[in-house]
Each structure stands twice: as C-alpha cells, then as structure tokens.
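Worksheet for the structure shown next.
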Amino acid sequence: QVQLVESGGGLVQPGGSLRLSCAASGSMFSIDAMGWWRQAPGKERELVATITSAGSTNYATSVKGRFTISRDNAKNTVSLQMYNLKPEDTAVYYCNARVVLATTRSRINTWGQGTQVTVSS
C-alpha cells in the first residue's frame, strides 16, 4: 500500500558530501515522523536522524553538525544532506516513515529498501 524509494547513495572520499532522498507513495492520509537509519556490516541498525511533520529534528550524536535532515510535506519526501563524511559512516541507509493509511486511518511503520553509502579513499 505504501512504498518508500531511496536514492543518492554511492562511493565518496573521506571529507566528501552526499545527499540521500526518499519519496513516499501509496494510499496515505498523512505522514507523521520520517527519518533515516543505517546499518553497517556486523552491526545493528541505528538511528541517524528524524524529522516530524512540524519540522522538529533529532540527530544521532555521531552525525550532529555534519548531517542535515529535511522534508517536503507536499511531495512526501525526506532528504539527508551529509557533509564531512567519515569511513565510519559507511553503511546501508534506510528511509523510514510512520504513515497514517488513507483507508483505515491506522498507523504503520514503513521502510525503504536501503541505499549503500561507502566512504573510502
């Protein structure tokens, strides 16, 4: 019913920048919080950043000051601008959205398929 599609991952050198984007589509009444999570090999998935429909943001300590999350409520999109990337930022990045379904008004937690970010020289 609801699909999240990410784009923008890739290979970048340390100190470089990347921008991830995620678009939500489907039968939605509204979207509450949206966010980005990441999972590195052999590690658990961890929160990177979240943003509410009102624009309030929250960041993991490790990315504060380097990453910026933003969203366009009219387009149902969320983006993550990443600056000064470090090798430890290497991971699969997943988009997440808490969606209110149009048909039932129930809330579901939806994930994208993930996009690889590799920071290496």
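The values are calculated or read from the model by the stated rules, or taken from the named source; none is laboratory data. These numbers come from a predicted model, not from an experiment. Reconstructed Cβ throughout: ideal geometry from the backbone, glycine too, with neighbour counts over all protein chains shown. Ligands, DNA and RNA are excluded from the accessible area calculation, which covers all protein heavy atoms including side chains. Shrake-Rupley method; radii C 1.70, N 1.55, O 1.52, S 1.80 Å.
Pick from segment 78-87 the residues that are polar (S, T, N, Q) and over 15 Å from S53 (Cα atoms): which of them is most open to solvent (accessible area, probe 1.4 Å)? Before the answer, list the steps.
First, pick out the residues of segment 78-87 that are polar (S, T, N, Q): 79, 81, 84.
Subset that is over 15 Å from S53 (Cα atoms): 81, 84.
Working: Q81: 32, N84: 79 Å².
The selected residue is N84.
Residues of segment 36-45 being open to solvent by 70 Å² or more (accessible area, probe 1.4 Å) and either over 14 Å from the mean Cα position of the chain (by Cα) or over 18 Å from L4 (Cβ atoms) (or both), which ones? So that I can check it myself, show each step before the final result.
At the first step, the residues of segment 36-45 found to be open to solvent by 70 Å² or more (accessible area, probe 1.4 Å) are 37, 41-45.
P41, G42, K43, E44, listed by residue number.
Could you say which residue among T90, T61, T115, T103 is open to solvent by 70 Å² or more (accessible area, probe 1.4 Å), of a type in the set (S, T, N, Q) and touching a residue at least 24 places away in the same chain (Cβ under 8 Å)?
When all the criteria are applied, what remains is T103.
Out of (1) open to solvent by 40 Å² or more (accessible area, probe 1.4 Å); (2) out of contact with any Cys (no Cβ under 8 Å at 6 or more places or on another chain), the odd one out for I51 is which?
Condition (1) is where I51 drops out.
Being within 19 Å of C22 (Cβ to Cβ), surrounded by fewer than 15 Cβ atoms within 10 Å (Cβ to Cβ) and among the basic types (K, R): is that true of K75 here?
For K75, the condition - within 19 Å of C22 (Cβ to Cβ), surrounded by fewer than 15 Cβ atoms within 10 Å (Cβ to Cβ) and among the basic types (K, R) - is met.
Is one or more of the residues making up segment 85-103 hydroxyl-bearing (S, T, Y), within 22 Å of Q13 (Cβ to Cβ) and in a loop (DSSP other than H, G, I, E, B)?
Taking every residue of segment 85-103 in turn, at least one turns out to be hydroxyl-bearing (S, T, Y), within 22 Å of Q13 (Cβ to Cβ) and in a loop (DSSP other than H, G, I, E, B).
Mind checking which strands (runs of 3 or more DSSP E) fall wholly inside segment 1-58 and carry at least 3 residues that are touching a residue at least 12 places away in the same chain (Cβ under 8 Å) and not hydrophobic (A, V, I, L, M, F, W, C)?
In segment 1-58, the matching strands (runs of 3 or more DSSP E) lie at 2-7, 18-26, 28-39.
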